[in-house]
Every structure is written in structure tokens, then in C-alpha cells.
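Q: Take a look at this one; I'll ask things after.
The values are calculated or read from the model by the stated rules, or taken from the named source; none is laboratory data. Here the structure is a predicted model, which is why all the values come from computation and not from measurement. Here the Cβ positions follow ideal geometry from the backbone for every residue, glycine too, while neighbour counts run over all protein chains shown.
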Amino acid sequence: MASWPNWWWTHIDSAVSSCRRSAPIPMRRSPTINPTRAADGRQSSRKRLTPEEVNEKQLNELPIRFGGPLFSKLKRKYWELEHCRDLPFVIAIEAFHEEGSLGFSSHALGQYLYGLRGFPSWTESGQLVVDFKEIEKHELGTKVIPSNFFGQPDAAHVSAVLFSNSGTWSKFTRMGYLAGYHRGNVKMVRTGTSYNPDPNSGTPLSFSYDLDDPPWEEEWGQGLVLIHNPTARHPLPKGYFPAAVDEYLLNGKVVGDVPRTHVYGSLTGIVGAMADGIFRSRRRVDARVRSSAASVIGWSVIGPWGQL
């Protein structure tokens, strides 16, 4: 079992299936989280947030936004349908409510589901210690909702909540590129942050790599986080979703089994070539194109990927 020391960091994927008689696990995708609107009705634009604003989003705004669609699904009582009875029931959710919303990890969702907030500290010897305190409610303006979704009436019928922040065009583009579905006239570079296996670290690893020479084989499940309900009537086995993080309660603390290649968040830079055949080899790329890619995406180098 791996601890979940980097869990409060940001991270950036979604597999969805409806209830079917042949499906072993009923799963429902939540409605898209409603977009933030400005006073004139337009969707609000992204802005740089202060640390205080980030904390406020994590503690109140995001839990409230997740709470709406989750409660909506809870009221539908899918577990009472004949083809869903006596089976684990999972709700999948992803936030698209505003520009930049995919930059947030599962941290806010986990706080809301368990009603627990973690406070990290380090001993004199450098050992990381995380203390958890109960959260009673989440407030945003006049909106107030109770925390601890898994403790709400009927929530025992929900086996787990599946979180993703990378069910995006970039993910599908990368997977297609890695499978060879391209004509050799584009270049892709991915940069981001990933899980740090150091149990006493509070910061993730950074990576940047050329998709023609990746340090690992990206899987469809990379980036998924399955948050288990400790009171579920039909628990879902850990490891059911390959490459996904399994997050759960252990002795009153939030812990997780985390794959070494778990990505918290990433950006994919794509540069197109004007003429076919400019990339003579998938592994030999003109230095000018590399320089162009770095310039377009804002990186000075296509650098190392740390300890992965």
C-alpha cells in the first residue's frame, strides 16, 4: 500500500458506462458541473488565483459544485432498478464548469465525500504527518451544504465515486498519436506533475517528455481516482480500474494506493508541420521544430522527467 502524501496537489481522464444487464458494475456519469457565469450571462474567463483563493475553491466552491450533481444522482435511486440491484454502483464525475477547472485535482472532491480535511506537518526528522479534522459544511455566499456525502441518507448505495480531470481532447489526441494514428506531420510534447513516491514529500515530481520517446506507456486509466465509500453496501474491490488511484479511509485517515506513473496534471503542446514528411523519422526530429515547440508552449527545454 502506498500512502497518499501528494494528495492535496493539483492533477489532470473519464470512463463511463450506463446500467446494463451484462455490465458487472452499474455506473452513471454525473451531469456536467454547471459553468460559472458573469453578470452578463457569459461564461467567466480564467484568472490567476492567489493561494487564498485556491484554498477557498478547494474547501468550499468545488465541493458545492460537486455536491449538486452527486445529490441529483442520489435522488434517482438507480440501485432500485432491476438490472442494477445487488451490484456495486459508481458515479463518475468531471468538472468543466469554467476555464481552468481541469487544473484541480480530486482533493476537493475527497474532502466533500469524506467530510475530512488534512493538515500536513513535518517532524524535526523530516517525517510527514497528516492530521485530519472533520468538516461540517461547505459555504459559498448564501449556498450552504453539509459535508461528508458518504454519510448522507442513501449514500451507502454508492460504492465509490470515480474522478477524472483528463477526459479531454488532449488525452484522446495523445492516445491516438501513441497508437500511430498520425501522418508524421505533427509534434507533441507533454509536461506536468506526477506522483512522488517519497512518503515524506509534500511536492510532486515534474516531468516533460517528447511523445516520440515517452518514459512510460500511458494508459487510458492514467489520472483516474476512485474514491471508495467506507460504508458501501456493495464495496468495489481495490484495483478494479487498472492504472487508477484507489483512495479510501484507513483508521480515520485518507490514504491511497497510487501507481508510480499517476499524473496530477499535464499540458500537451502540439505543433503542426506545413509539409508532409518533415519528420523523416518518428524518433529524429529537426532541432528547429523542437525549438519551435518549446517556444509555442512556453518551455525552454524538452527536459527530464525526474525519477519516474
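Q: Where the second residue is at pLDDT 90 or above and assigned to a loop (DSSP other than H, G, I, E, B) and the first is over 15 Å from F149 (Cβ atoms) and of a type outside the set (A, V, I, L, M) and lies in region 55-84, which pairs have Cβ atoms under 6 Å and are six or more apart or on separate chains?
A: What qualifies is W79/F89.
Q: Taking the stated definitions as given, is N196 at pLDDT below 90, outside any helix (DSSP H, G or I) and either in contact with a Leu (Cβ under 7 Å, 6 or more places away or on another chain) or within 28 Å of G252 (Cβ to Cβ) (or both)? Break it down stepwise before answering.
A: On the way: at pLDDT below 90: no; outside any helix (DSSP H, G or I): yes; either in contact with a Leu (Cβ under 7 Å, 6 or more places away or on another chain) or within 28 Å of G252 (Cβ to Cβ) (or both): yes.
Answer is no for this residue.
Q: Are there strands (runs of 3 or more DSSP E) fully within region 227-308 with at least 1 residues that are modelled with pLDDT of 90 or more and aromatic (F, W, Y)? List them. Please lay out each step first, then the result.
A: On the way: elements: 245-250, 253-257, 263-272.
Of the strands (runs of 3 or more DSSP E) lying wholly inside region 227-308, those with at least 1 residues that are modelled with pLDDT of 90 or more and aromatic (F, W, Y) span 245-250.
Q: From (1) under 20 Å from S147 (Cα atoms); (2) at pLDDT 80 or above, pick out the condition that doesn't hold for T50.
A: Failed condition: (1).
Q: Hey, another quick one. Test L205 against the criterion of being at pLDDT 95 or above and out of contact with any helix residue (DSSP H, G or I) (no Cβ under 6 Å at 6 or more places or on another chain), and give yes or no. Give the steps one after another, and end with the answer.
A: Numbers: at pLDDT 95 or above: no; out of contact with any helix residue (DSSP H, G or I) (no Cβ under 6 Å at 6 or more places or on another chain): yes.
For L205, the condition - at pLDDT 95 or above and out of contact with any helix residue (DSSP H, G or I) (no Cβ under 6 Å at 6 or more places or on another chain) - is not met.
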